[in-house]
1. I'm trying to understand the selection: among the residues of region 124-147, which are part of a strand (DSSP E or B) and open to solvent by less than 30 Å² (accessible area, probe 1.4 Å)?
2. Would it be correct to say that E213 is closer than 30 Å to P29 by Cα, acidic (D, E) and either assigned to a strand (DSSP E or B) or free of Cβ contacts under 8 Å to residues at least 24 places away in the same chain (or both)?
3. Being closer than 17 Å to G48 by Cβ, open to solvent by 10 Å² or more (accessible area, probe 1.4 Å) and either touching a helix residue (DSSP H, G or I) at 6+ places or on another chain (Cβ under 7 Å) or not acidic (D, E) (or both) is the filter here; which residues of region 99-117 pass it?
4. Condition test on R197, is it open to solvent by 40 Å² or more (accessible area, probe 1.4 Å) and assigned to a strand (DSSP E or B)?
5. Regarding E258, is this residue of a type in the set (D, E) and in contact (Cβ under 8 Å) with a residue 24 or more places away in the chain?
6. Sort through G40, G56 and tell me the only one that's within 26 Å of V176 (Cβ to Cβ), open to solvent by less than 20 Å² (accessible area, probe 1.4 Å) and modelled with pLDDT of 95 or more.
7. Does G288 fit the bill of being under 30 Å from L91 (Cα atoms), open to solvent by 30 Å² or more (accessible area, probe 1.4 Å) and at pLDDT 95 or above?
8. I'd like to know if region 170-180 contains one or more residues that are outside any strand (DSSP E or B), modelled with pLDDT of 95 or more and closer than 23 Å to V24 by Cα.
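The values are calculated or read from the model by the stated rules, or taken from the named source; none is laboratory data. If you're wondering where the values come from, they're calculated on a predicted model, not measured in any experiment. All Cβ positions, even for glycine, are placed from backbone atoms using ideal geometry, and neighbour counts span all protein chains on display. The protein model used for the area step is the full one, side chains on, heavy atoms only, and it has no ligands, DNA or RNA in it. Shrake-Rupley method; radii C 1.70, N 1.55, O 1.52, S 1.80 Å.
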Amino acid sequence: MTIGPEHEAPRASEGGGFSDAVTVAFGDPAAELYGVTRLGLADGGASGLAILFWRGEPVAVAAEGGVEVTAPSAWDEVSAAGLDTTTLEPLRSWRLQYAGDEASFDLELEATGALAELAPEHPVARAGGMAGYEQPLRVRGDARVGDARIAVDGLGQRGHSWGAPDWERIELARSVSAWLGDDLTISLTAIRPAGVREHGDEALAAAILERGEDGEPRAVDVADPRLSTTYDGDGRQRRAGLELWVDEDGFPRRAAGELACGTSLDLGALRLDCAFFRWRMEGREGVGRYDVLRRRA
């Protein structure tokens, strides 16, 4: 499918287990501020999740579900867990606000590159039950943590995903991104089927979002993405390596990352290990997100 402004609207339910969500992750290493937010729709209600880190520690975690909402025609009409969003120009710019007791922020989001699309027929979409798209962002605005006021000027990523994931068939799902400037972003999604224990048996999709020789944004699909991860004693991601084979010829593009901050959340039947990494790639340094959502043992 070709993504257009019409895909920004909430999706009509397609049956049992269907959900729709918009996720925004961002990081400003100079301010030591990182955050991830999610607004979702499922089973006739809205949900929200917000996690904010400052100086290496989680300073705000908010989650809310079952919020009453009546057939919203835009995400501007969905509010939960202190989160609100405004679409200024579809697929181009948005405003994201969070209001909590411990922290708050008011951010302007501007798309900086091409879309990374996960089509419904892709093996990862079939394995995970979710299709959608991701966009790299420039993130600017202000945040408050306690009594501290923080100017934000960083990078990030906005994703819109929909579908009906079957967690009886999924062991875990990974969302990995590296933001290395306005003109280079890596986006990767991995799904591990139930009963599988190794990285090598996961279904992966990855794209390199960059500018071509003509200066125009482009999304380069990675033919053979490879992800390696080192964990701590509690099974949380600490270091990672990416090997991105764009085609069978030539050499892979490589990136290496290590933990900047992270936390784990109990989401009932699932556990979320949310982390932000410092990344290095091709002489550049940046930051990004590495989340693992898994079934609880």
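1. Taking region 124-147 as the starting set, the residues that turn out to be part of a strand (DSSP E or B) are 130-145.
Correct list: A131, G132, Y133, Q135, P136, L137, V139, G141, A143, V145.
2. Working: closer than 30 Å to P29 by Cα: yes; acidic (D, E): yes; either assigned to a strand (DSSP E or B) or free of Cβ contacts under 8 Å to residues at least 24 places away in the same chain (or both): yes.
So E213 passes the test.
3. Applying the first criterion (closer than 17 Å to G48 by Cβ) to region 99-117 yields 99-107, 109.
Next, from what is left, pick out any that are open to solvent by 10 Å² or more (accessible area, probe 1.4 Å): 99-102, 104-106.
Passing the criteria: A99, G100, S104, F105.
4. Values: open to solvent by 40 Å² or more (accessible area, probe 1.4 Å): yes; assigned to a strand (DSSP E or B): no.
So R197 fails the test.
5. Details: of a type in the set (D, E): yes; in contact (Cβ under 8 Å) with a residue 24 or more places away in the chain: no.
The answer is no for E258.
6. Details: G56 fails: open to solvent by less than 20 Å² (accessible area, probe 1.4 Å).
Answer to the check: G40.
7. Values: under 30 Å from L91 (Cα atoms): yes; open to solvent by 30 Å² or more (accessible area, probe 1.4 Å): no; at pLDDT 95 or above: yes.
Taking the combined requirement at face value, the residue does not satisfy it.
8. Taking region 170-180 and keeping what is outside any strand (DSSP E or B), we get 180.
Add one more test, that the residue is modelled with pLDDT of 95 or more, and what stays is 180.
Now restrict to residues that are closer than 23 Å to V24 by Cα: 180.
Within region 170-180, one or more residues are outside any strand (DSSP E or B), modelled with pLDDT of 95 or more and closer than 23 Å to V24 by Cα.
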